[in-house]
Structure formats: structure tokens, C-alpha cells
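Contents: one structure, followed by commentary.
The values are calculated or read from the model by the stated rules, or taken from the named source; none is laboratory data. Nothing here was measured: the structure is a model prediction, and the numbers come from that model. Using ideal geometry, Cβ is built from the backbone for each residue, glycine included, and neighbour counts are taken over all protein chains shown.
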């Protein structure tokens, strides 16, 4: 009888392990839809003469970020939660020594960075995190369309997705992260450490990149530069929303595994209780609220779908905590304010082609700070956390928001400054006028019957 019981337990554990492995594995192709969406979104938002160059830029952002995150970014996440010193945290799952043991693709740690029949978790966890990193690069990509050099952009994408985001995740999305242990920072759905970091990195680059030719008049007034295909843009935004389901399901820690917080129930990355049911309620309410808010203010389909994205981002930090009514209110406010915020930024001469700084950066910080109002006093860590763990607070969320802004903006501005000095940032004005596709791309996006690049100059 004891042997039979042991066999049943072993079989159940195998089944559970396979389910957990499959769960995270399936989150990866769902997250890929985010990049399908960004590809359609950006190509639709560009003029005919720049369509393919925008697509190439997005594909390269994804590819290079994945590769550099494999070699370096994963190590940053495990090495630096306690700060740039790389010391070990209280959970003993961080620090340079720990990262060297599990997160380098060479030496003894290589067993965790490639196929291993005894390791069901590392590859799927890494895959999900790598897609998070690539998402930051795609967020930045749209803001810079039609005038950034390809190589310069790729360098920016690598710095953002590998270093800036890797460090942000270590500090605010790790049980040993100093923002979590010292300030009670909570950002379940990465409103700050993905969206805000990417949005404000883009702002730093934009300040050095400058506007597209023809965007601003001599008196400072702005001209609207329409993309060639609104349908592709709106569909792309909807695909991003679909991909968010994979993005957010990957933020849940399943029970019953060696790496799980608990054997009996799922948690957030902070060890606090979490269910898929919460996401079922809250994601669709956030999308709806964002669309309604943007419709109230603009009636424009582009901003309505951008509102859906802003709606999710505005509540992402607290999707595990919020009641759906709260989600709807916050998301509706986000949908209402995005267009005025975009117009305000444009008044400073910043040409953000798709509103990425506002939708991801401003709304991301808004979401982080708002959580400090609604969830103040909620445990910052659970499970094996020490007794003196700091709870969520408005001040802690505000500190986290400031850190995420700086982690995005400062490296973005510095990287762009260096690239500009080296002549590797901006496409020459003459090339912009003619079009990036006819100058740089050995292919044609559309048949001759469509408007030629020359006619759009």
C-alpha cells in the first residue's frame, strides 16, 4: 500500500511539473503576439516610403534583445537585486556569486542555460523574461519611427532591454529587490519596470534624436503626420492587447514546484496571493475602461485602441489586488488623459510618433503611484519574508516610480548623446524626405499603383 501511495504521489508530481512547464511555455507564444502587434502597429503608423524600414527595425529590436538578454540580461536580474554592489539578499537567491552559478551560459552554470532533462524550469522562465525584455525595445521602437538609424536604434534597444530593464526587474521584481524589501514596492504587471522604463528611455532618445522633417513649423506649431494604414495600426494595437494575456499570466508563480512560494496556491513574484480569476475579471475591465475613456475624449479609433493599452498599463501594478470596479475607474481616467498628455509633450517640440512616452511612460508611473493610494498597508512580501518586511505604501510606490523614471530616462539620454556625437543616431534630412525604404531597403512594400515615396516628400 505504501508503495502504491508513493507511486501515485510521484505520478501527480510529474503531472504537475509538466503542467507548470507547459503553462510558462505557452505564455511565450502569447507574448510573441505583442511583437506581432507592434510590427503591424508601427508599419501602419508610417508613411508608404518608410514602411519596410520600420518593420526591419522592429524585427531587429526583438532579435538582438533576445540574444543579449541570454548572455547578459539574465545575469543582471539575479546578480543585482540588492543594488549595484551585487551582494546577497536575505533569501539567498541573489548576488553576483548566485548569478554566476545559475545565469551564465558557460562553465558550470551552463547546465541551467540550455537543454537539461533534470531542469524543467530555467528555459521557460528565461523565455518569459526574455520576451519582457524584448517588449521594452518594441515600446521604444514606435516612438522613433521614420528618422532613426538602424544600427543606432539596435544599440539603444540592447541597452534598454538588457541593462536598463534587467536592473529595473532586479530591483523591483525580485524577492530580494531593495525596492521591495526596503520600500514595499509592488508592481505585479510591470507598469513601472517595463512600461515606464521603456517609455522614458524613449523620451531620453527623442530629446537627442529630434523631430521628423516637416513635423514642426517655423512658429513651433505641429503638423499631423498620418501613417499610411490606420486599419493595420488599430489591428496591431488589438494584437498587443491579446499578447498581454500571455504577458500577465507569466507574472504568476504556480504552486507545487521547487521554485514555488507555496505548495497549495499560486502567488505573485512577491509571494503574495494571486489567481487567474483576478486577471479574468480585471484585464477585460481595464481594456473596456480605457477604450471608453478615450472615446469620450477623442472619438478617434487610434486613440481608442491606445486607450485600451493605457487602461491595462494604468492598473497593471495592482491587477492582483484591485476590485474590478476600481480597475474600470482607473482605466477610464487613463483613457481620457492620454491625448491631452501627448499634446502637452508635443508642445515642447518632442515628436513621439505613436504617443509611446505617454501611453507607456506617463501612464506606467500613474499606475505605480495610484496603487500606493488604493493598496497602502497591503503586505509587500509574503511566504518566507522576514517579520519586518515593509508593506505597500504611497511613499514606497512614489520612490519606485522615481527610480523607474531614472532607470529609463538617464541611460536613454546618455546612450543617444553618445550615438549622436558619433553620427549614428539620426537619418539625414535628405534621406528622410526621399524615404528610408528606397534608400536603405532592397525590397518594395507595395505595388506601383500606390503612392510613390517621391509623391509624399
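Just one of the numbered conditions (1) over 30 Å from residue 389 (Cα atoms); (2) at pLDDT below 90; (3) within 17 Å of the chain's Cα centre (by Cα) is not true of residue 137: (2). Does residue 139 count as over 24 Å from residue 28 (Cβ atoms), in contact with a helix residue (DSSP H, G or I) (Cβ under 6 Å, 6 or more places away or on another chain) and buried (at least 22 other Cβ atoms within 10 Å of the Cβ)? Spelling it out, it is not the case that residue 139 is over 24 Å from residue 28 (Cβ atoms), in contact with a helix residue (DSSP H, G or I) (Cβ under 6 Å, 6 or more places away or on another chain) and buried (at least 22 other Cβ atoms within 10 Å of the Cβ). For the range 132-153, filtered to residues that are assigned to a loop (DSSP other than H, G, I, E, B) and in contact with a strand residue (DSSP E or B) (Cβ under 9 Å, 6 or more places away or on another chain), the residue that is nearest to residue 411 (Cα to Cα) is 149.
For (1) modelled with pLDDT of 90 or more; (2) crowded, with 23+ Cβ neighbours inside 10 Å; (3) touching a helix residue (DSSP H, G or I) at 6+ places or on another chain (Cβ under 8 Å); (4) at positive phi, each residue gets a yes or a no:
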site: 195; (1), (2), (3), (4): yes, yes, yes, no
site: 200; (1), (2), (3), (4): yes, yes, yes, no
site: 207; (1), (2), (3), (4): yes, no, yes, no
site: 213; (1), (2), (3), (4): yes, no, yes, no
site: 219; (1), (2), (3), (4): no, no, no, no
site: 249; (1), (2), (3), (4): no, no, yes, no
site: 258; (1), (2), (3), (4): no, no, no, no
site: 266; (1), (2), (3), (4): no, no, yes, no
site: 280; (1), (2), (3), (4): yes, no, no, no
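Residue 171 meets the stated requirement of being in contact (Cβ under 8 Å) with a residue 60 or more places away in the chain, touching a helix residue (DSSP H, G or I) at 6+ places or on another chain (Cβ under 6 Å), buried (at least 24 other Cβ atoms within 10 Å of the Cβ) and under 12 Å from residue 400 (Cβ atoms). For the range 221-246, a tally of residues being touching a residue at least 24 places away in the same chain (Cβ under 8 Å), out of contact with any helix residue (DSSP H, G or I) (no Cβ under 6 Å at 6 or more places or on another chain) and closer than 11 Å to residue 351 by Cα returns 1. Within the range 114-128, being out of contact with any helix residue (DSSP H, G or I) (no Cβ under 7 Å at 6 or more places or on another chain) and either surrounded by 21 or more Cβ atoms within 10 Å (Cβ to Cβ) or not in a loop (DSSP other than H, G, I, E, B) (or both) holds for one residue alone: 123. Against the definition (out of contact with any strand residue (DSSP E or B) (no Cβ under 6 Å at 6 or more places or on another chain) and part of a helix (DSSP H, G or I)), how does residue 92 come out, yes or no? Criteria not met by residue 92.
Taken together, 82, 162 contain a single residue that is crowded, with 19+ Cβ neighbours inside 10 Å, in contact with a helix residue (DSSP H, G or I) (Cβ under 7 Å, 6 or more places away or on another chain) and not in a helix (DSSP H, G or I), which is 82. Of the residues making up the range 43-81, those that are touching a strand residue (DSSP E or B) at 6+ places or on another chain (Cβ under 8 Å) and closer than 21 Å to residue 109 by Cα number 0. Kindly indicate the residue of the range 403-457 that is assigned to a loop (DSSP other than H, G, I, E, B) and either in contact with a strand residue (DSSP E or B) (Cβ under 8 Å, 6 or more places away or on another chain) or crowded, with 21+ Cβ neighbours inside 10 Å (or both) and also modelled with the lowest pLDDT among those meeting that condition. Restricting to residues being assigned to a loop (DSSP other than H, G, I, E, B) and either in contact with a strand residue (DSSP E or B) (Cβ under 8 Å, 6 or more places away or on another chain) or crowded, with 21+ Cβ neighbours inside 10 Å (or both), the top hit is 435. Of the residues screened, residue 357 is one that is out of contact with any strand residue (DSSP E or B) (no Cβ under 9 Å at 6 or more places or on another chain), more than 24 Å from residue 178 (Cβ to Cβ) and surrounded by 23 or more Cβ atoms within 10 Å (Cβ to Cβ).
Residues that are more than 19 Å from residue 166 (Cα to Cα) and not in a loop (DSSP other than H, G, I, E, B) within the range 97-108 comprise 107, 108, listed in sequence order. Just so you know, in the range 268-278 the residues that are outside any helix (DSSP H, G or I) and over 19 Å from the mean Cα position of the chain (by Cα) include one that is surrounded by the fewest Cβ atoms within 10 Å (Cβ to Cβ), and it is 275.
Kindly indicate whether residue 391 is under 19 Å from residue 179 (Cβ atoms), touching a strand residue (DSSP E or B) at 6+ places or on another chain (Cβ under 9 Å) and surrounded by fewer than 22 Cβ atoms within 10 Å (Cβ to Cβ). For residue 391, the condition - under 19 Å from residue 179 (Cβ atoms), touching a strand residue (DSSP E or B) at 6+ places or on another chain (Cβ under 9 Å) and surrounded by fewer than 22 Cβ atoms within 10 Å (Cβ to Cβ) - is not met. Hey, does the range 62-73 have a residue that's under 19 Å from residue 168 (Cα atoms) and not in a helix (DSSP H, G or I)? No, that holds for no residue.
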